[in-house]
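Visitor: Next up is a structure, given as structure tokens.
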Amino acid sequence: MSKITRAQFDDVMVPNYAPGKIIPVKGKGSRVWDQDGREFIDFAGGIAVNALGHAHPALVEALTTQGQNLWHLANVMTNEPAIALAKRLTDLTFADKVFFCNSGAEANEAALKLARRHAYLHYGPDKNELISTLGSFHGRTLFTVSVGGQPKYKEGFEPTPGGISHVPYNDLAAMAAQISDKTAAIIVEPIQGEGGVTPGKKEYLKGLRALCDKHNALLIFDEVQSGVGRTGALYAYQKYGVTPDILSTAKALGGGFPIGAMLTTDAFAASLGIGTHGSTYGGNPLGCAVSLAVINEITKPGVLDAVETKSQRFRHGLKTIDDQYGIFKEVRGMGLLLGAELNEDWAGRAKDFLGAALDEGLMMLIAGPNVLRFAPSLIIPDADIDEGLERFERAVAKLAS
Ligand SMILES: *Cc1c(COP(=O)(O)O)cnc(C)c1O
């Protein structure tokens, strides 16, 4: 094979992405290497996906073992890994039932469809309204960009589906004013990820639960980014002590293999009867076998507890850098989903940090123009945190000089 170059991307790919200038070819743990053998520390984790880093032995083992046996059957047959994974997820959460799909958007699509259908079956067609929050992100399908609270992702794709409204996040009064007996569901991220790494307030999420109960509306938690250990609990709702009716999960669920799931209770699951919804690849044995290995690793004793310790280490390191250079307005987030908002002097320059970090051998993320985002492997070694932060500091020093 002749050498693939970054320039070729522009020749053959739809220009909806603007990938960085390097082409990674190998990963191990929290380190990644490009075509030229340059090594990078990974604070991005494939956008909160590689929760166990790269090429984790247990995941490689699950993938290769399953890969030699059975990849796909479609849902005209069930399979062992799908049932085993569903059993594990229902044992570990509020849920009684699971629907598998392949991405976060699809998990939300299933959640929103279930909410509407449940309202339709139990209260009639007028109860169809969905309330979401400004700044939220729920995926890129037409339904999920419509429900998402960021207008830029809808522009030019209208007409979008109706019956959807948006209110400010963490504003219980605004939600109380918007909800009615016509509301089928409220959907929120317990921590807004793409919108800037903004944790929901506990009283807010509790209040949403009460509002939904009062109006027979379903509470959907989009945990596509906050789930699978990211906050130090398997799911963020467990940390908050507020239980949704439906939960969507993806990203880290496959640790890098595409899989998504919608979790719900028996009572609501019943509204998606035979033939009402589906996905060809959803619940395929290969994805479910890998995901089961992810869940098994993450729930091993000590792994989730260590997320909080690593979070402290990260925050401390970021604070030390901020003390010296004065770049942040605030560092926020939970567990290993951290956002550092730039102060007025650096407003709008988050992208510059991405580029500068890459030059120093560090992969990281942003969440909008003002927030630097960190979502490393949940098992990143302390030494990699320290060295990654040193590289980050060098990047900051260059930008500040
Ligand atoms: C990433 C994300 C999605 C979309 O997931 P895809 O797998 O890209 O479809 C949905 N919701 C949240 C909160 C996300 O962070």
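The values are calculated or read from the model by the stated rules, or taken from the named source; none is laboratory data. Predicted, not measured: the structure shown is a model, and the values here were computed from it. Neighbour counts run over all protein chains shown; Cβ positions are idealised from the backbone, glycine included. Side chains are part of the model used for accessible areas, which takes the heavy atoms of the whole protein and leaves out ligands, DNA and RNA. Shrake-Rupley method; radii C 1.70, N 1.55, O 1.52, S 1.80 Å.
Visitor: Take the Cα of D359, step 7 Å along the line toward its Cβ, and report every residue of the range 22-64 whose backbone nitrogen sits under 16 Å from that point.
Guide: Under 16 Å, as judged by backbone N against the label point of D359, lie 22 of the range 22-64.
Visitor: Using R₀ = 25 Å, calculate the FRET efficiency as 1/(1 + (r/R₀)^6) where r is the Cβ-Cβ separation of L134 and D352; round to 0.05.
Guide: So the FRET efficiency works out to roughly 0.45.
Visitor: Okay, next question. When all alpha-carbon pairs of the range 38-111 are counted, what percent fall beyond 22 Å?
Guide: Everything past 22 Å amounts to 41 percent.
Visitor: Could you list which residues have their amide H under 5 Å from that of G333, counting only those 5 or more apart in sequence or on another chain, with H placed in the peptide plane?
Guide: For G333, the qualifying residues are G339.
Visitor: Got a sec? Charge dipole of the range 1-152, +1 on Cβ for Lys and Arg, -1 for Asp and Glu; which of L89, A18, L63 is way out at the positive end?
Guide: A18
Visitor: Also, I was wondering about something else. How far apart, in nm, are the 7 Å Cα→Cβ label points at K300 and K319?
Guide: Roughly 3.1 nm, to one decimal.
Visitor: May I pose another question? Between Q312 and K154, what length in nm is gained on full extension when 0.36 nm per residue of separation is reduced by their alpha carbon distance?
Guide: 53.2 nm
Visitor: Also, quick follow-up: In whole Å, what three semi-axes, largest first, describe the equivalent ellipsoid of the range 48-180 built from its Cα gyration tensor (square root of 5 times each eigenvalue)?
Guide: Equivalent-ellipsoid dimensions as semi-axes: 34, 19, 16 Å.
Visitor: Considering just Cα atoms, how many Å³ per residue does the convex hull of the range 245-396 enclose?
Guide: Convex hull volume per residue, Cα atoms: 156 Å³.
Visitor: Compute the distribution of all C-alpha to C-alpha distances in the range 300-356, in bins of 5 Å from 0, and list the percent of pairs in each, rounded to whole numbers.
Guide: Here the calculated profile for the range 300-356 is 4, 18, 23, 23, 16, 8, 5, 3, 1.
Visitor: If you don't mind, another one. Pick out, in residue order, every one of the trypsin sites (Lys or Arg not before Pro) in the range 164-237 that is DSSP loop and has at most 16 other C-beta atoms within 10 Å; say none if there are none.
Guide: In loop regions of the range 164-237 (DSSP not H, G, I, E or B), the sparsely surrounded trypsin sites (Lys or Arg not before Pro) are K182, K201.
Visitor: Continuing with the same structure: How many percent of DSSP beta bridges within the range 80-212 run antiparallel, rounded to 5?
Guide: The antiparallel fraction comes to roughly 20 percent.
Visitor: For the chain, what does the accessible surface come to per residue with a 1.4 Å probe? Please give it in Å².
Guide: Per residue, the chain has 44 Å² of solvent-accessible surface.
Visitor: Check each of the chymotrypsin sites (Phe, Trp or Tyr not before Pro) in the range 34-75 and keep only those in coil by DSSP with at most 11 other C-beta atoms within 10 angstrom; list them in order.
Guide: When the chymotrypsin sites (Phe, Trp or Tyr not before Pro) of the range 34-75 are filtered for loop state and at most 11 Cβ neighbours within 10 Å, nothing remains.
Visitor: On to the next question. Calculate the spin-label point distance for T64 paired with Y123, positioning each point 7 Å from the Cα along the beta-carbon direction, and give it in nanometres.
Guide: 5.3
Visitor: Okay, next question. What per residue convex hull volume, in Å³, do the alpha-carbon atoms of the range 58-298 yield?
Guide: Spread over its residues, the Cα hull of the range 58-298 gives 118 Å³ apiece.
Visitor: I would also like to ask the following. For the range 350-398, report the translational diffusion coefficient in µm²/s to the nearest whole number, using Stokes-Einstein at 4 °C, 1.567 mPa s, and a Kirkwood Rh over Cα pairs.
Guide: 118
Visitor: Just how many pairs of Lys in the range 58-298 have C-alpha atoms closer than 15 Å, counting pairs that are eight or more places apart or on different chains?
Guide: 9
Visitor: Within the chain, what whole-number % of the accessible surface is contributed by carbon and sulfur, with the 1.4 Å probe and all protein chains included in the calculation?
Guide: 56
Visitor: Would you please give the FRET efficiency between A55 and D96, computed as 1/(1 + (r/R0)^6) with r the Cβ-Cβ distance and R0 = 56 Å, to the nearest 0.05?
Guide: Efficiency for this residue pair is about 0.95.
Visitor: Rank V145, Q324, G273 by how far each Cα sits towards the positive end of the charge dipole of the chain (+1 on Lys, Arg Cβ; -1 on Asp, Glu Cβ) and give me just the farthest.
Guide: Of the candidates, G273 comes out farthest on the positive side.
Visitor: Computed over the Cα atoms of the range 150-287, what is the convex hull's projected area averaged over all directions, in nm²?
Guide: The Cα convex hull of the range 150-287, projected and averaged over all directions, gives 10.0 nm².
Visitor: To the nearest 20 Debye, how big is the dipole of the chain about its Cα centre, given +1 on the beta carbon of each Lys and Arg and -1 on that of each Asp and Glu?
Guide: Value, rounded to 20: 360 debye.
Visitor: Follow-up. With just the Cα atoms defining each centre, how far is the range 153-229 from the range 262-311? Give it in Å.
Guide: Centre-to-centre (Cα) distance: 22 Å.
Visitor: Taking amide hydrogens as modeled 1.01 Å from N in the peptide plane, which residues meet the under 5 Å criterion relative to G148, leaving out close sequence neighbours?
Guide: Here the answer is H138, since their amide H atoms fall under 5 Å of that of G148.
Visitor: What residues qualify as long-range amide H neighbours of I379, i.e. H under 5 Å apart, gap of 5 or more or another chain, H built at 1.01 Å from N?
Guide: Distant-sequence amide H within range of I379: G53.
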